[in-house]
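What follows is a short report on a single structure.
The values are calculated or read from the model by the stated rules, or taken from the named source; none is laboratory data. If you're wondering where the values come from, they're calculated on a predicted model, not measured in any experiment. Positions of Cβ are backbone-derived with ideal geometry, glycine not excepted, and every protein chain shown enters the neighbour counts. Each accessible area value is taken on the protein alone, full model and side chains, heavy atoms only, with ligands, DNA and RNA left out. Shrake-Rupley method; radii C 1.70, N 1.55, O 1.52, S 1.80 Å.
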Amino acid sequence: QTAASFYEAVGGAETFRRIVAAFYREVAGDEVLRPLYPEEDLGPAERRLRMFLEQYWGGPRTYSEERGHPRLRMRHNPFTIGPLERDAWLRCMRIAVAEIEPEVLDDEHRKALLDYLEMAANSLMNAPW
Ligand code: HEM
């Protein structure tokens, strides 16, 4: 199946909005992650991650219109991301994804999404400690 149908199949903008909102709610209370975020207001970071994920899964291409090529490794260089940070990020993301009902996100799409997030988080590690 194509990426465009993934975005639609999981409920489109509303599902991505809910996942990323829940993720940043978790980040706000996470003692490992919260200090990494440079801005006091997490709203703009929430918007960037939501736009990126929507685009990745075949939704609107607003992310690249506003930000250009994602270059995620480069954009994460300012932050030390070792196993601790990776695990914290994935913990928050898994909590967020778990809040989406099975009627909206079925097992197959859920697995594809979680596998991708795990792969992406591993690929953005830039510190061995
Ligand atoms: C930006 C941390 C993994 C996508 C950021 C920012 C931080 C951060 C501190 C800056 C906030 C902002 O101003 O936007 C982390 C940590 C990770 C992680 C600790 C643990 C592995 C990921 C993954 C993805 C991702 C796996 C994608 C699937 C993004 C995007 C941005 C961002 C799209 C905004 C980039 C831009 O400036 O356009 N991340 N991140 N991050 N992160 Fe992550």
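When the range 77-129 is limited to residues that are free of Cβ contacts under 8 Å to residues at least 40 places away in the same chain and small (Gly, Ala, Ser), the one that is farthest from the ligand (Cβ to nearest atom) turns out to be 98.
Go through the residues of the range 57-76 one by one and say whether even a single one is farther than 20 Å from residue 119 by Cα and modelled with pLDDT under 95. No: zero hits. Do any residues in the range 46-61 that are within 17 Å of residue 96 (Cβ to Cβ) and outside any loop (DSSP other than H, G, I, E, B) have Cβ atoms under 8 Å from those of residues that are open to solvent by less than 40 Å² (accessible area, probe 1.4 Å) and small (Gly, Ala, Ser), where the two are at least six apart or on different chains, and which pairs are they? Matching pairs, first to second residue: 46/21.
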